[in-house]
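Please read the structure below before turning to the comments.
Only the coordinates and a few stated rules stand behind these numbers; no lab work does. The shown structure was predicted, so the numbers you read here are calculated from the model rather than taken from an experiment. Note that each Cβ is placed from the backbone with ideal geometry, even for glycine, and that neighbours are counted across all protein chains shown.
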């Protein structure tokens, strides 16, 4: 395969975003408290909300009801995911791009951007550095360019999996790249990827057309909207979506995300595995008016509302946000974060401690090391996890939902989180982080019911501490 996708839509592709209808929902009357509380009760029963029901939560401006929504989000997070937080790192492979998106530091017209694509040797160096820090999960990020076709991406994935550093290995590679045609998705899936992630950026048609130059590949709204559908039909049963908040009304974008999740669930039996909600950030050579238009309070509403609307969908809070906000917002439903992130091409091996803006897509808000983030999570009572067991055992897509909906996933996730945490503590952690982690592990073990699984878990934790045995999952 050569070049970018052929941009052929599925024969049955539909545009399921009706701007006027979604706007009308948001302009509806202020809901009665009883209506909001009925939806809170539905969410607590772990039933997904419709787009219409989600709009009710977004129209509420009663501080007391908003706090009830927040509390429900916290309860759902604990019920579905426990206190686990999954960690990953982004790895930018290349920033060549044929698009000219108005908000992006990689836009083709940005003369200040330093263009680069990692060689295979450079990619291995980046992976070795990430493994030396303790990472087990990566998302590879690519600009949209003919050189980054499916064969190229598949080679990068295989290189990452083949690169080992002592006990260090990458066990799950996710992808953030251009939408593909079905054959492209099949090629990349065969390389062993986890999630294929495509951001719609904005679901509002007029705004999408304004910020994405006509005639570019990204300028085709429908092709991008149909991207996850093509991926699922091609066999990628694990997909993720997201919106860049700040391009349009954040409430409209939440409804767009929920509409997308409903569409995928209705048509394919499974919605997106993850949803991301990054906000606009400064970027070198780019001036965009949406910066700061979505406040911290708005972002917390986004997270809490999504948690109620899609109880079983993973929510990703990235290092675009500053450390204080990430800490505050974590409990509202976040299940995944990145840590120790560098987003310059080749950033993990560069000597400079500061960010090099001419090599970044945007400015990061949280540049702390993985160990520092791990220690804070542990001190706050979270269980950091590098688990990848479900993906390698086929518990994905519809199968994941079969386990997750009854709550059985806790039987696997907590033990696997404890084994991967123990690996981190033994192999990579600073003394202070190790002490915090060992204390949390003792507490987690005390919470587990006595029985064969707990006994086996304790044996596996001891094997990790005393031997070179690793990757011991349930």
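Observations
- Normalised by the number of residues in the chain, the mean separation of alpha-carbon contacts (under 8 Å, six or more apart) gives a relative contact order of 20 percent.
- Label-to-label distance, residue 467 versus residue 350, with points set 7 angstrom from Cα along the beta-carbon direction: 4.3 nm.
- For the pair residue 454 and residue 162, a Förster radius of 30 Å applied to the C-beta separation gives a FRET efficiency near 0.25, rounded to the nearest 0.05.
- Of the residues 128, 330, the one with the fewest other Cβ atoms within 10 Å heads the list, and the complete ranking is 128, 330.
- As a length-normalised measure over Cα pairs under 8 Å and 6 or more apart, the relative contact order of segment 407-466 settles at 47 percent.
- Taking 7 Å steps out from each Cα toward its Cβ at residue 474 and residue 44 produces label points 2.8 nm apart.
- Rg/Rh, computed from the Cα trace of segment 73-135 with Rh as the Kirkwood radius, has the value 1.19.
- Residue 327/residue 293 FRET efficiency (R0 30 Å; Cβ-Cβ; nearest 0.05): 0.85
- For segment 7-90, the Cα-based Rg and Dmax, in that order, read 16.8, 49 Å.
- Considering only segment 78-368, percent of DSSP beta bridges that pair antiparallel, nearest 5: 10 percent
- Each Cα pair of the chain feeds into the Kirkwood radius, which the Stokes-Einstein equation turns, at 4 °C and 1.567 mPa s, into a diffusion coefficient of 57 µm²/s.
- Extension reserve of the residue 61-residue 125 stretch, reckoned as 0.36 nm per residue once the Cα distance is removed: 18.0 nm
- Packing-based exposure ordering (other Cβ within 10 Å, fewest first) of 100, 469: 469, 100
- Estimated from the Cβ-Cβ distance and a Förster radius of 30 angstrom, the FRET efficiency linking residue 151 and residue 19 is about 0.20.
- Relative contact order (%) - segment 179-256, alpha-carbon pairs under 8 angstrom, separation at least six: 46 percent
- The chain: calculated mean residue ellipticity at 222 nm from DSSP helix runs of at least 4, using -39500 (n - 2.57): -14000 deg cm²/dmol
- The modelled label-to-label distance for the pair residue 74/residue 12, using points 7 Å beyond Cα in the direction of Cβ, is 4.4 nm.
- Overall form of segment 299-368 per C-alpha gyration tensor (a/c, 1.5; a/b vs b/c): prolate
- Least to most buried among 64, 78 (fewest other Cβ within 10 Å first): 64, 78
- Among 113-123, 346-356, the peptide with the highest mean count of other Cβ atoms within 10 Å heads the list, and the full ranking is 113-123, 346-356.
- The mean of 1/r over all distinct Cα pairs in segment 407-466, once inverted, gives the Kirkwood hydrodynamic radius of 11.9 Å.
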